[in-house]
Number of protein chains: 2
Amino acid sequence: MAITQNLPVVDQSHFKAFEAISTPERLLLGPGPSNAHPAVLEALALPPVGHLDPVYIHLMGEVQELLRYAWQTDNRLTIPISGTGSAAMEATFANTVEPGDKVLVANKGYFGDRLSDMAERYRAEVSIIEKPWGEAFTLQEIEEALKNHRPSILAMVHAETSTGVCQPMEGIGELCHQYDCLLLLDTVTSLGGVPLFLDEWKVDLAYSCSQKGLSCPPGLGPFTMSPLAEKKLLQRSGKVPNWYLDLSLLNKYWGSDRVYHHTAPVNMNYGLREALRLLANEGLLNAWERHRINAEKLWNGLEKLGLVLHVEEDLRLPTLTTVRIPEGVDGKAFSLHLLNSYGIEIGGGLGLLAGKVWRIGLMGFNSTSENVEKILDIFESDLPKF
Amino acid sequence: MAITQNLPVVDQSHFKAFEAISTPERLLLGPGPSNAHPAVLEALALPPVGHLDPVYIHLMGEVQELLRYAWQTDNRLTIPISGTGSAAMEATFANTVEPGDKVLVANKGYFGDRLSDMAERYRAEVSIIEKPWGEAFTLQEIEEALKNHRPSILAMVHAETSTGVCQPMEGIGELCHQYDCLLLLDTVTSLGGVPLFLDEWKVDLAYSCSQKGLSCPPGLGPFTMSPLAEKKLLQRSGKVPNWYLDLSLLNKYWGSDRVYHHTAPVNMNYGLREALRLLANEGLLNAWERHRINAEKLWNGLEKLGLVLHVEEDLRLPTLTTVRIPEGVDGKAFSLHLLNSYGIEIGGGLGLLAGKVWRIGLMGFNSTSENVEKILDIFESDLPKF
């Protein structure tokens, strides 16, 4: 029996006979995504099982444990959010901010701006302290701001992807708790590549992404909340104003109840498990050391070529280096040349640094001595032509 | 130089030496995810390019065109949301509801409940009309409700995954526009498997998922909004209260500006493009016909075994069949037996139908005559033992 009998005519105007997908080889040395580890891509392509299959439920627990290790936290509520890092970022405010709550954002780059924007959408009363793009906050500046603003959440970025600055974290968590304030930390460009001790630093809310230090494609947003942050969630007077990111619901799926919430991105979690497993097998200290050594090699090489690094050495991120575009050079044209002639992606500046710096990432699988040599060689041979 | 000198000690308590991932073979004949097409899994494992790479930007346009074809819509704002179907579901309300807006939910199953819950979180004034789980609304019932409630959005589910009912859509869109109301439609279990004509039906907001009729793993949420819905977004008095799902920002990335919003899940979009390409190559009519023929074979076979289908034939979904668990049979034990003895997943009942029905899905790649025969054979041989 033909089902076509009573149907409208199918419109062919958007039908396109595309070829099967083919993508070029790229070496991704920009701000992310970084190249994925081949074993992670292999895991990604395994046939999916159901999101309530006992096999998958078991895997969820493994992912959680490996995330706790990578982040150095005991937090029970440590899960990958089913979206990218920005979704996990939003989950922090969505769950803990109630209308009128005071949020203080310590802003020193593009992602600080985003934190303010998000917090406001959850009807927080947002205050902002600022540092020039390329600097970090001192403990004294943080304390003064906590004293002045008395926020219930201090939000800041550990590794600013827009500036290449790594914020020193020692003592900030203690100050926050002293002033009855939760500490929210962006670790998007640090997880897996830069020393991170969430519990030691008394961080209450943190998020990251899959596509940088973890060598997995983008698509999952690691998220964690401390018992203190969980308490604030439990004491809410109303529902979380975001169903998809509501941790009180997600908790029932990821916790012992295993109650259906949404259909988990099964294959992305296969990939993330493999990525975290590889990191654990390498060992955190080894991974951090590797990132540091390769970054230093890059910094020395760039300076030898007469280029100026945007951030002073003490504050530099090993995962992402901002290098100033020399006077008279068309930075965008050079980036495009790298992409088109060598298949190498590096990043341009973002926000206030647009047109002023290139951003070179050495993250996860891509943080190798060979990659550093390759990019330095090309800078040496080709930059003078621009 | 050792970076370990001034660091806290790395805590090994969450370190686990897991083996590489290994997953069992599963035939997923539940409510979703369905098995992915092998070519889609292959695409998923291609090395990622950057989310602002010209190659990827081009691919985004292809995905949009193929989605428009699959949904039969000209809507400019047709994109995959970077989350699962539930994120795309939430994006509909997040963008178009302002506090105090009247939303009418035509509820006839579990996902109707979810629509109400979500709309309330965006501070809509929600009214609900209800039908028993297993039935559909008549045009007259819809008109009466529009007249009584005068909502600005009517939200309903085309293919109710919890009940197996396909809501007839002819005439509903005309009524909505006559009453100055947008029509919001859940097409999670219909896209790719059941006739869908969004523009012909005058649907203003719709969403779906990747893991059912499209034969891709879960992880992306197709979303579309009509020019009329876009107008409501543009006329908002305040920002969209959800940063991640804000279409006014996403529009700048997916539109001609290509302004960075979040890092797109590149590999999932590789998979989705391949899935949509396979659907286009088969042709919508052929795909719909295949789903219908295999579903009818399943229905006839189950009835021959003396089983009772929960939904009357005219309203039955070809993608998902609800079959009543016979008196005295432990439905959960039988499902578990299928999983453990044959690697076949079927679904149990959800919400009001928990313990009362099984849910058998024949979706996308899995809608084959062989799969129908396989599941019928096992029902015939093994169900009498339960």
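Table for the structure above
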{"quantity": "For the range A:1-115, alpha-carbon Rg relative to the globular expectation (2.2 N^0.38 Å, N residues)", "calculated": "1.66"}
{"quantity": "FRET efficiency for B:LYS147 and B:ASP382, using Cβ-Cβ distance with R0 set to 60 Å, rounded to 0.05", "calculated": "0.70"}
{"quantity": "Shape category assigned to the range B:234-314 from the gyration tensor of Cα positions, a/c cut at 1.5", "calculated": "prolate"}
{"quantity": "For A:LEU307, label point 7 Å along C-beta direction: distances to other copies, nm", "calculated": "6.3"}
{"quantity": "Linear extension gain, B:ASP180 paired with B:GLN235, 0.36 nm per residue minus alpha-carbon span", "calculated": "18.3 nm"}
{"quantity": "Neighbourhood charge, 12 Å Cβ-Cβ cut-off, centred on A:ILE81 and excluding it, Lys, Arg +1 and Asp, Glu -1", "calculated": "-2"}
{"quantity": "Nearest-first distances (nm) between copies at A:SER381, label 7 Å from Cα via Cβ", "calculated": "6.5"}
{"quantity": "Using distinct alpha-carbon pairs, which all enter the 1/r mean, Kirkwood radius of the range A:60-196 in Å", "calculated": "15.4"}
{"quantity": "For the range B:1-145, with +1 on Lys and Arg beta carbons and -1 on Asp and Glu, the positive-most of B:ASN75, B:LEU41, B:HIS58 along the dipole", "calculated": "B:LEU41"}
{"quantity": "Cα-derived Rg over Rh, computed across the range B:247-383 with Rh taken as Kirkwood radius", "calculated": "1.11"}
{"quantity": "Mean-position separation - Cα centroids, the range A:230-248 and the range A:1-70, in angstrom", "calculated": "29"}
{"quantity": "The protein assembly as shown pair-distance distribution - Cα-Cα, 20 Å bins, rounded %", "calculated": "17, 50, 29, 4, 0"}
{"quantity": "Förster radius 35 Å - calculated FRET efficiency between A:THR368 and B:SER248 (Cβ-Cβ, nearest 0.05)", "calculated": "0.30"}
{"quantity": "Relative exposure of A:PHE365, A:PHE223, judged by other C-beta atoms within 10 Å (fewest first)", "calculated": "A:PHE365, A:PHE223"}
{"quantity": "Residue-averaged beta-carbon neighbours from other chains (10 angstrom radius) around B:22-28", "calculated": "5"}
{"quantity": "Hydrodynamic radius (Kirkwood) for the range A:38-280, which is based on Cα pairs only, to one decimal in Å", "calculated": "18.0"}
{"quantity": "Per-residue [θ]222 nm for the protein assembly as shown (sum of -39500 (n - 2.57) over DSSP H runs n ≥ 4, rounded to 500)", "calculated": "-11500 deg cm²/dmol"}
{"quantity": "Label spacing, shortest first and in nm, from A:SER13 to its equivalents in the remaining copies (7 angstrom along Cα→Cβ)", "calculated": "6.3"}
{"quantity": "Dipole magnitude (debye, nearest 20) for the range A:81-174, charges at Cβ of Lys, Arg, Asp, Glu", "calculated": "160"}
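No lab work stands behind these numbers, since they all come straight from the coordinates. Computed from a predicted model, the values in this text were never measured in an experiment. Glycine gets a Cβ as well: all are built from the backbone with ideal geometry, and neighbour counts include every protein chain shown.
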